[in-house]
Amino acid sequence: MSDPKLLINGALRDGVRTMDVINPATGDAFAACPLADEALLDEAVAAARAAFPAWSARPIDERAALVTALADALQARAGEFSQLLTREQGKPLDQAGMEVMGAAFTLRAFAAMRLEPVLLKDDEKGKIVELRKPLGVVGAITPWNFPLMLLMNKLGPALMAGNTVVAKPAPTTPLTSLLFGGLCADILPPGVVNILCDDNDLGPAMTSHPDIAKISFTGSTETGKKVMQAAAATLKRVTLELGGNDAAIVLDDADPVDTARRIFQGAMANAGQVCVAIKRAYVPEAMYEIFCDELARLARVAIVDDGTRQGAQIGPIQNRTQFDKLKALLKSCAEEGQLVAGGDVIDRPGYFLSPTIVRDVDDDAAIVREEQFGPVLPVLKYRDLDDVIARANASDYGLGGSIWSADEERATAAAAQIQSGTVWVNQHLALNPTIPFRGAKSSGIGAELGADGLKEYTQASIINIKR
Ligand code: NAD
């Protein structure tokens, strides 16, 4: 990407200053990101506000055609987007390619959705219809683990519902969002999408901005609470997709080796930096040894490398702050359990950790209680199913979870008792833009994706006619 620019009112603009973007595979700066200040934020919000009446009045099929054109343009330049995503985020190139294609797929899925008026009553006395209206300007705030995908999860429904957008990516992964801004500049009317970058300082100004009607936020639970607090003063609508501590519970009839392989993938995808990665595995006592041995074997043979290198399976940790947090957590793992694979920093430039398996840990160990957000999996033993379900639920988080079993009925009964927005059976991390995704407890408020996700970008309005 030659010269990254902000997108404000259809124009590609410089910021007030620049900030280095670091390649996590080398630790070196490779690009300069333009930064906005509050004055540029005000300009972007004013542009989005000015663009709203015409955009929301535009027939939905025309809006859908433009959202589809964005998907086409993204797909046509998938190679360029994937390379840039690997350089800024760290994930292996094939996984970056999957994120780019998934982002285009998400835009297409939303372009196909319609929220038709719902007839609630129609008789001789009267007729009642529920309509869905756009909200106005949406502020979209995204984290650094899936910068492109998570932006599309917000842009797709916001635009289809008739809103205009001011988006802000995470400071350590701004470049793919800015490159996408170039596509928006070519395809959309000025002001419909605006993209600004910051040094982690513009969030409060966005969430308290009087002319932003809704904040769609994906990030940590801690920041999500601040977003909700700041949004209260102007009664903004909020959707919060927050942290998780997903438990995978293996039932005693599951195949231990095959299940260990699939749980390993669910824990280590994107170097564990996934809101719905498997963050704790609960395994019956009778298969604990074989299960831990297989996980440790998989961790030892996994290829950890710069994502641009062919064969890389696990890339670096995305940024230094997260890397330092994980290093501290690894120390506590060594004290609170037994490391059977990994546990160390790889001696090379960049932010690389060995995939780590920790066994013989208690429920109160830091690695079990906290969201690690890295390639470190604790494996816990259990005897009784009811007891392990209670242990899995003893968390403030409630994002995802999974049950692994040869018996679908038994697994479904266990899944129904897990206090999470999504519980998978014999899989984990299976997301689809047409299926709503939401967090229970401290993992979020509201839905993203699916028709429910689209509704979150609208105001329901009742037309009540007396006959
Ligand atoms: P973060 O909360 O630190 O940052 C997320 C975004 O919020 C960034 O763009 C950041 O600049 C911005 N921000 C910072 N302070 C703000 C404030 N006061 N007001 C408004 N915005 C502010 O999260 P992160 O470290 O970038 O991402 C990792 C976290 O995100 C993990 O907890 C992960 O589980 C979560 N996550 C959740 C989902 C989900 O769908 N539930 C998806 C991906 C990541």
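The values are calculated or read from the model by the stated rules, or taken from the named source; none is laboratory data. Since the structure is predicted, the reported quantities are computational estimates derived from the model, not experimental observations. In this analysis, Cβ positions are derived from the backbone assuming ideal geometry, glycine residues included, and neighbour counts consider all displayed protein chains. These area figures cover heavy atoms from the full protein model, side chains too; ligands, DNA and RNA do not enter into them. Shrake-Rupley method; radii C 1.70, N 1.55, O 1.52, S 1.80 Å.
Screening Val138, Val45, Val67 for residues that are within 16 Å of the ligand (Cβ to nearest atom), under 22 Å from the mean Cα position of the chain (by Cα) and not assigned by TED's automatic domain parsing to the domain that holds Gly272 leaves exactly one candidate, Val138. Applying the condition of being in a loop (DSSP other than H, G, I, E, B), of a type outside the set (S, T, N, Q) and closer than 22 Å to Asp253 by Cα to the range 401-426 and asking which residue is least open to solvent (accessible area, probe 1.4 Å) yields Ile418. Take the residues in the range 200-254 that are among the charged types (D, E, K, R) and within 9 Å of the ligand (Cβ to nearest atom), then tell me which one is farthest from Ala447 (Cα to Cα). Here the answer is Asp201. Condition check for Gln372 on (1) part of a helix (DSSP H, G or I); (2) under 30 Å from Thr26 (Cα atoms); (3) among the polar types (S, T, N, Q): one failure, at (1). Selection of the range 341-359 for residues being on the phi > 0 side of the Ramachandran plot and in contact with an Asp or Glu (Cβ under 9 Å, 6 or more places away or on another chain) yields only Gly350. When you scan the range 409-424, do you find a residue that is among the hydroxyl-bearing types (Ser, Thr, Tyr), at pLDDT 95 or above, more than 14 Å from the chain's Cα centre (by Cα) and more than 16 Å from the ligand (Cβ to nearest atom), even just one? Checked the range 409-424: at least one residue is among the hydroxyl-bearing types (Ser, Thr, Tyr), at pLDDT 95 or above, more than 14 Å from the chain's Cα centre (by Cα) and more than 16 Å from the ligand (Cβ to nearest atom).
Evaluate the range 449-466: report whether one residue or more is in contact (Cβ under 8 Å) with a residue 12 or more places away in the chain, in a loop (DSSP other than H, G, I, E, B) and more than 20 Å from Glu116 (Cβ to Cβ). No - not one qualifying residue is present in the range 449-466.
Counting only strands (runs of 3 or more DSSP E) that sit wholly inside the range 117-171, those with at least 1 residues that are under 24 Å from Ile462 (Cβ atoms) are 118-122, 126-134, 137-141. Remark: Gly191 falls outside the filter, which requires a residue to be away from the ligand (no atom under 16 Å from the Cβ), outside any strand (DSSP E or B), in contact with a Ser or Thr (Cβ under 6 Å, 6 or more places away or on another chain) and over 17 Å from Cys33 (Cβ atoms).
Which residues, taken from the range 432-455, are out of contact with any helix residue (DSSP H, G or I) (no Cβ under 7 Å at 6 or more places or on another chain), of a type outside the set (Gly, Ala, Ser) and over 16 Å from Gly243 (Cβ atoms)? Correct list: Asn432, Asp452, Lys455.
Output yes when any residue across the range 427-437 is more than 16 Å from the ligand (Cβ to nearest atom), open to solvent by less than 60 Å² (accessible area, probe 1.4 Å), modelled with pLDDT of 95 or more and not assigned by TED's automatic domain parsing to the domain that holds Asp122, and no when none is. No, the range 427-437 has no match at all. With respect to being outside the structural domain of Leu93 (by TED's automatic domain parsing) and hydroxyl-bearing (Ser, Thr, Tyr), Thr221 falls outside the description.
Checked against the criteria, Ala392 does not count as in contact with a Ser or Thr (Cβ under 7 Å, 6 or more places away or on another chain) and away from the ligand (no atom under 16 Å from the Cβ).
Would you please name the residue that is farthest from the ligand (Cβ to nearest atom), looking only at residues in the range 154-163 that are touching a Ser or Thr at 6+ places or on another chain (Cβ under 8 Å) and open to solvent by less than 10 Å² (accessible area, probe 1.4 Å)? Outline the logic, then answer.
From the range 154-163, those touching a Ser or Thr at 6+ places or on another chain (Cβ under 8 Å) are 154, 156, 158, 161-163; that's our starting set.
Those left that are additionally open to solvent by less than 10 Å² (accessible area, probe 1.4 Å): 154, 156, 158, 162-163.
Working: Lys154: 11, Gly156: 15, Ala158: 16, Gly162: 24, Asn163: 19 Å.
Step by step, filter the range 154-163, then rank; the result is Gly162.
Considering only the range 172-188, state which residues are more than 17 Å from Leu40 (Cβ to Cβ), away from the ligand (no atom under 16 Å from the Cβ) and assigned to a helix (DSSP H, G or I). Leu179, Gly182, Leu183, Asp186, Ile187, listed by residue number. When Lys226 is tested against (1) in contact with a helix residue (DSSP H, G or I) (Cβ under 9 Å, 6 or more places away or on another chain); (2) touching a residue at least 24 places away in the same chain (Cβ under 8 Å), exactly one condition is not met: (2). The residues of the range 201-234 that are among the basic types (Lys, Arg) and exposed (fewer than 15 other Cβ atoms within 10 Å of the Cβ) amount to a single one, Lys225.
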